[in-house]
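This report concerns only the one structure given below.
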Amino acid sequence: MAAFIGGCIVYGVNRYLFGGNADLSIFIGLLTSMWIHANEIKYEIRKSDR
């Protein structure tokens, strides 16, 4: 859920900063949400190894 919310926030900020370039904002938002999700998975794997 954090990945989705983070991606939406990044999309909104980028959309505002880049003056309406939706394609670039969507790309960066999706990239950010995938990065957050991958970090959550790494954290869960490390937590289960203990």
Report task. May I ask for the angle, rounded to the nearest 10°, between helix 2-17 and the longest principal axis of the chain, with both axes built from Cα atoms and the value confined to 0 to 90°? Result -> 20
Query raised in the report: Relative to the compact globular guide of 2.2 N^0.38 Å, what is the alpha carbon radius of gyration of the chain, as a ratio?
Result: 1.38
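Roughly speaking, to the nearest percent, how much of the chain's 1.4 Å accessible area is carbon and sulfur? Mind showing how you got there, number by number?
On the way: 2780 of 4000 Å².
Carbon and sulfur atoms account for 69 percent of the accessible area of the chain.
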Query raised in the report: Under the Karplus relation 6.51 cos²θ - 1.76 cosθ + 1.60, θ = phi - 60°, what is the ordered set of whole-Hz ³J(HN,Hα) values for segment 43-48, x standing for Gly and Pro?
Result: 5, 5, 5, 4, 5, 7
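Within 10 Å, count the other beta carbons around each residue, average over each peptide in 39-49, 16-26, and list them highest first. Before the final figure, lay out the partial values.
Working: 39-49: 9.5, 16-26: 11.4.
For the peptides 39-49, 16-26, the packing ranking is 16-26, 39-49.
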Requested in this report: Please give the calculated 222 nm ellipticity per residue for the chain, where each DSSP H segment of at least 4 residues contributes -39500 (n - 2.57) and the sum is spread over every residue; nearest 500 deg cm²/dmol?
Outcome: -30500 deg cm²/dmol
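Per residue, how much accessible area does the chain have with a 1.4 Å probe, in Å²?
Working: 4000 Å² over 50 residues.
On a per-residue basis, the chain sits at 80 Å².
The values are calculated or read from the model by the stated rules, or taken from the named source; none is laboratory data. Remember, predicted model here, so these are calculated numbers, not experimental data. Glycine gets a Cβ as well: all are built from the backbone with ideal geometry, and neighbour counts include every protein chain shown. Only protein heavy atoms, including side chains, enter the accessible area calculation; ligands, DNA and RNA are left aside. Shrake-Rupley method; radii C 1.70, N 1.55, O 1.52, S 1.80 Å.
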